[in-house]
Amino acid sequence: MTLPQPLRPELEAKAQELLARLRSEADSELLALARLLVSKEEHELFGETEFQARDIVHRIGAKAYETHLALKKNGYDGSGSICRHCQQGAKFQGYRRKAILSLLGSVACRRAYYYCGRCGHGMLPWDDRVGLTARSFTPAARATRQFGRRRER
Ligand SMILES: [Zn+2]
């Protein structure tokens, strides 16, 4: 894994804002992790405890995604878009909720929904842009499933 390059100043400012929002969310999970570790005897420090620790770390990651996505437009391109079926105008109808199935577990978000009154097709442009499957799997979650490396307990 390569070391991350310094971000451009405007992206670094966004990262700091996201960090500030995440801290309170992550704090309770970090406390749960700390309590888990201090409560274990040596013979139970690894094994089942590793799965529990990983679940907590995954929840922190999923919270980071949720917090990040809550700050973004998620496919909103204005009050109108072009219907990809009939090339006519499709109107913005509001945001639709979604539970994405990611490598880190379920990630709740909302994304823009457009509807074409002419041909009756609905569009969720963000789903295509980020690579969600029809069953709401992220690319990494799908790849993990395809290679059979999914380790559910
Ligand atoms: Zn249409």
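Note on ARG96 and GLN16: with the Förster distance fixed at 25 Å, the Cβ-Cβ geometry gives a FRET efficiency of about 0.25.
For the range 9-70, with all protein chains in place and a probe radius of 1.4 Å, 58% of the accessible heavy-atom surface sits on carbon or sulfur.
A simple rule links phi to the HN-Hα coupling: the Karplus curve 6.51 cos²θ - 1.76 cosθ + 1.60 with θ = phi - 60°, which for the range 11-28 gives 6, 4, 4, 5, 4, 5, 5, 5, 4, 4, 6, 6, 3, 5, 5, 6, 4, 5 Hz, with x for Gly and Pro.
The residues of the range 70-153 expose on average 66 square angstrom of accessible surface per residue, using a 1.4 Å probe on protein heavy atoms. Charge tally for LYS98 (other residues, Cβ to Cβ under 12 Å; Lys, Arg +1; Asp, Glu -1): +3. When the GluC sites (Glu not before Pro) in the range 1-100 are filtered for DSSP coil states and for at most 16 other beta-carbon atoms within 10 Å of their beta-carbon, the remaining sites are GLU41.
Among the chymotrypsin sites (Phe, Trp or Tyr not before Pro) within the range 19-66, those in coil by DSSP and having at most 12 neighbouring Cβ atoms inside 10 Å are PHE46. With the cut-off at 1.5 for a/c, could you classify the chain from its C-alpha gyration tensor as rounded, prolate or oblate? It is prolate, given that a/c is not under 1.5 and a/b is the larger ratio. State the percentage of accessible surface on the range 80-152 attributable to carbon and sulfur atoms; use a 1.4 Å probe and exclude ligands, DNA and RNA. Reported share for carbon and sulfur atoms: 48 percent. Relative contact order for the chain: 16 percent, from Cα pairs under 8 Å spaced at least 6 residues apart, divided by residue count. Amide H contacts of HIS121 (H built 1.01 Å from N, in plane; Pro and chain starts excluded): CYS116 sit under 5 Å, all sequence-distant by 5 or more or on other chains.
For CYS86, no residue has an amide H sitting under 5 Å from its own, ignoring neighbours fewer than 5 places away on the same chain, with H placed 1.01 Å from N.
The values are calculated or read from the model by the stated rules, or taken from the named source; none is laboratory data. This one's a predicted model, so the numbers in the text were calculated from it and none came from an experiment. Cβ: placed from backbone, ideal geometry, glycine included. Neighbour counts: every protein chain shown. The area values use the complete protein model at the heavy-atom level, side chains included, leaving out ligands, DNA and RNA. Shrake-Rupley method; radii C 1.70, N 1.55, O 1.52, S 1.80 Å.
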